[in-house]
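K.L.:
First, the structure itself, so that you have it in front of you.
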Amino acid sequence: MNKRRVLWLTLTSFALLFCSNNGLFAATLFQQIGVVSSPNPVGSGARAVGMGGAFIGIADDATAASWNPAGLIQLEKPEVSMAGGCFNQRWDFSSDIHPEIDNTSESDDFNINYFSATYPFHFYKNMVLSVNYQRLYEFKQDFSHQYNYSSLGVDLLQSIDFSRDGYVGALGLACAVRITPTLSLGATLNIWTDQLLWRNGWKETYSEYGTGTQGGVPVTIDTQITDEYSRFRGLNANLGLLWDMNKWLRFGAVIKTPFDASISHKFSFRQKSIFESPVNSIVLSEHDVSEKVELRIPLSYGLGVAWRVSDALCFDLDVYRTEWSEYILTDSQNKKFSPIDGRPEKDSDVKDTTQVRIGGEYLFIGQDTQIVVPVRGGIFYDPEPSHGTVKDFYGIAVGSGLAYRKFIFDIAYQVRWGRSVDTGNVIATSSADIMQHLLLASIIVHF
């Protein structure tokens, strides 16, 4: 009789684990992938960010390789550039059903966001070559909270800690050519690899310590989960077009091709359940997975229209779409999931997203034209994909800098936020007010 009861307690402890964690453990089982920066493909550089990311129709510096590679044709001298960023985010979680969930998660990160070397030349037509690196997706996040679970004769108070860190970036080889005096084309080959000077991947650790009763029996359950994705590899291209329609208007277009990324996945699960009666017993559970998975990165594309009012003033409007419904992870058993909501592909209804960005720049030009001080600003709508709908995010940005002879320094500040965002895929039954701050600085040296 005691053995049967211990067996029943063991089975219900597994049921508890699978039911109570909803988002976090499901994120491991169904290989959900959570990017904490904007998941939508964008470019880099303090100048573009200072205009709210409205840059497809302008794209006239070395960061054009990431926004619209056709814009590289506007560079007249060899140059090198580098951008560094400081990223801060704050998540204020709340739950009407489980108020004990309420907590705040805050994290900071500093990194080299972009690097490039660009060389213009003439070979039959004017051309530009560029080598660049862009760090595109950030994963860093930490939080802790408590959760009261009561179901199936189980009553537990759980203390939960979650930590994730990592990033994904690519080496870009870009080229632009002027087809006619008013039309240019460009392409960037993005090489996603961990074989150079950076690592491509992320790691999650999850711990849960629960105390309470199961069927009236005192129990303690200690769970430790490690989930690691590494060796992110693949190839894709940014294809760009830039057309000077007339003296004042310019049209830009970019397509970022889909690709299948190869990733190494390691999963480790350890659980110790201690029952105090009717007999003292300890149940140990372990599970390990090591596999190769394939992540389908979806097609994205955008259009931009730039209006040059004068030599000192310009504006840009960008519309950009990402087909997140085609974002699919295939595991080693050929099972397909949506990394957005963790559901099997056939059950997932993830919506595509459309960004809208508007920005402008005014140049204060010194009398000797050697000193230029820009003032920039922009606003944007940058929704995130979700099951059945999209999560609304908005943002504003400002920027400035200094150009003197061969040197250009730019700085930008961007704030991006979402209110009452459903975060059930992170913490079950919760929503959060999310605030993200980005401070970006870049320097360009001409030769």
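K.L.:
Which of ASN190, ASN148, ASN68 moves the most in a Gaussian network model of the chain with Cα springs under 10 Å?
P.N.:
ASN148
K.L.:
Next question. I need the calculated FRET efficiency for the pair ASP222 and PHE110, taking r as the beta carbon distance and R₀ as 35 Å, to the nearest 0.05.
P.N.:
Once the sixth-power term is evaluated, E becomes 0.55.
K.L.:
Here's a follow-up. Mind computing the radius of gyration and Dmax over the alpha-carbon atoms of the range 122-168? Å is fine for both.
P.N.:
25.0, 79
K.L.:
Okay, next question. State, as an integer percentage, the relative contact order of the range 81-232 based on alpha-carbon contacts under 8 Å between residues 6 or more apart.
P.N.:
Rounded, it is 18 percent for the range 81-232.
K.L.:
Here is a further query. Checking the cross-link filter: which aspartates and glutamates have an alpha carbon closer than 19 Å to that of LYS266, excluding same-chain neighbours under 8 positions apart?
P.N.:
ASP165, ASP194, GLU204, ASP227, GLU228, GLU286, ASP288, GLU291, GLU294, ASP331
K.L.:
Give me the lysines in straight-line cross-link reach of LYS272: C-alpha distance below 27 Å, same-chain residues under 8 apart excluded.
P.N.:
Within the straight-line limit of under 27 Å, LYS272 reaches these lysines: LYS3, LYS203.
K.L.:
Select from ILE221, ASN200, ALA187 the residue farthest towards the positive end of the dipole of the range 175-253; place +1 on Cβ of Lys and Arg, -1 on Cβ of Asp and Glu, and compute about the Cα centre.
P.N.:
The Cα lying farthest towards the positive end belongs to ALA187.
K.L.:
Hey, got the dipole for the chain? About the Cα centre, +1 on K and R Cβ, -1 on D and E Cβ, debye to the nearest 20?
P.N.:
1080
K.L.:
For the range 266-322 and the range 372-440, what is the separation of their Cα centres, given in Å?
P.N.:
One Cα centre to the other: 18 Å.
K.L.:
Loop only by DSSP, 16 or fewer other Cβ within 10 Å of the Cβ. Give me the GluC sites (Glu not before Pro) in the range 239-331 that pass, ordered by residue number.
P.N.:
Answer by residue number: GLU276, GLU323.
K.L.:
Projected onto the charge dipole of the chain (+1 at Lys/Arg Cβ, -1 at Asp/Glu Cβ, origin at the Cα centre), which of THR63, VAL421, SER230 gives the Cα projection farthest towards the positive end?
P.N.:
Farthest along the dipole direction, towards plus: THR63.
K.L.:
Report, to the nearest 10°, how far helix 2-20 tilts away from the longest principal axis of the Cα atoms in the chain, using its own Cα long axis and a range of 0 to 90°.
P.N.:
So the helix axis and the longest Cα principal axis differ by about 20 degrees.
K.L.:
As I understand it, the dipole of the chain uses +1 on the Cβ of Lys and Arg and -1 on the Cβ of Asp and Glu, about the Cα centre. Which of GLY153, VAL373, VAL445 lies farthest toward its positive end?
P.N.:
Of the options given, the answer is VAL445.
K.L.:
Relative contact order of the range 379-447: what whole-number percent is it, with Cα pairs under 8 angstrom and at least 6 residues apart?
P.N.:
Taking the mean separation of contacting Cα pairs over the length of the range 379-447, I get 27 percent.
K.L.:
For the chain, set up a GNM with springs between Cα atoms under 10 Å and report which of SER400, SER95, SER151 has the largest fluctuation.
P.N.:
Fluctuation is largest for SER151.
K.L.:
With the contact rule set at Cα under 8 Å and sequence spacing of 6 or more, what percent relative contact order holds for the range 202-294?
P.N.:
Value for the range 202-294: 28 percent.
K.L.:
Then there is this: State to the nearest 20 debye the size of the charge dipole of the range 172-272 about its Cα centre, where the only charges are +1 on K and R beta carbons and -1 on D and E beta carbons.
P.N.:
Its charge dipole is roughly 400 debye.
K.L.:
Give me the 1.4 Å probe accessible area per residue for the range 255-403, excluding ligands and nucleic acids, in Å².
P.N.:
For the range 255-403, the per-residue accessible area is 50 Å².
K.L.:
Out of the range 73-124, which GluC sites (Glu not before Pro) are coil in DSSP terms and have no more than 12 other C-beta atoms within 10 Å?
P.N.:
The qualifying sites are GLU76.
K.L.:
In addition: Just to confirm a number: summing +1 for Lys and Arg and -1 for Asp and Glu over residues other than ILE225 whose beta-carbon lies under 14 angstrom from that of ILE225, what do you get?
P.N.:
Around ILE225, the charge tally is -3.
K.L.:
If each DSSP helix of 4+ residues adds -39,500 (n - 2.57) and the sum is divided by the residues in the chain, what number results at 222 nm, nearest 500 deg cm²/dmol?
P.N.:
Calculated from helices alone, the mean residue ellipticity at 222 nm is -2000 deg cm²/dmol.
K.L.:
Using Stokes-Einstein with the Kirkwood hydrodynamic radius over Cα pairs, what translational diffusion coefficient do you get for the range 81-219 at 25 °C and a viscosity of 0.890 mPa s, in µm²/s rounded to a whole number?
P.N.:
D = 126 µm²/s.
K.L.:
Same structure, new question: With a 10 Å cut-off between alpha carbons and a GNM built on the chain, which of LYS77, LYS266, LYS125 moves the most?
P.N.:
LYS125
K.L.:
With charges only on Cβ, +1 for K and R and -1 for D and E, what is the dipole size of the range 116-237 about its Cα centre, in debye, rounded to 20?
P.N.:
That gives a dipole near 1060 debye.
K.L.:
Could you sort out which of LYS140/LYS351; LYS256/LYS335; LYS77/LYS406; LYS292/LYS336; LYS292/LYS346 sit more than 20 Å apart by Cα distance in this structure?
P.N.:
From the list (LYS140/LYS351; LYS256/LYS335; LYS77/LYS406; LYS292/LYS336; LYS292/LYS346), the Cα-Cα distance tops 20 Å for LYS140/LYS351; LYS256/LYS335; LYS292/LYS346.
The values are calculated or read from the model by the stated rules, or taken from the named source; none is laboratory data. Only a predicted model underlies this, so the values are computations on that prediction, with no experimental measurement involved. Glycine gets a Cβ as well: all are built from the backbone with ideal geometry, and neighbour counts include every protein chain shown. Ligands, DNA and RNA are excluded from the accessible area calculation, which covers all protein heavy atoms including side chains. Shrake-Rupley method; radii C 1.70, N 1.55, O 1.52, S 1.80 Å.
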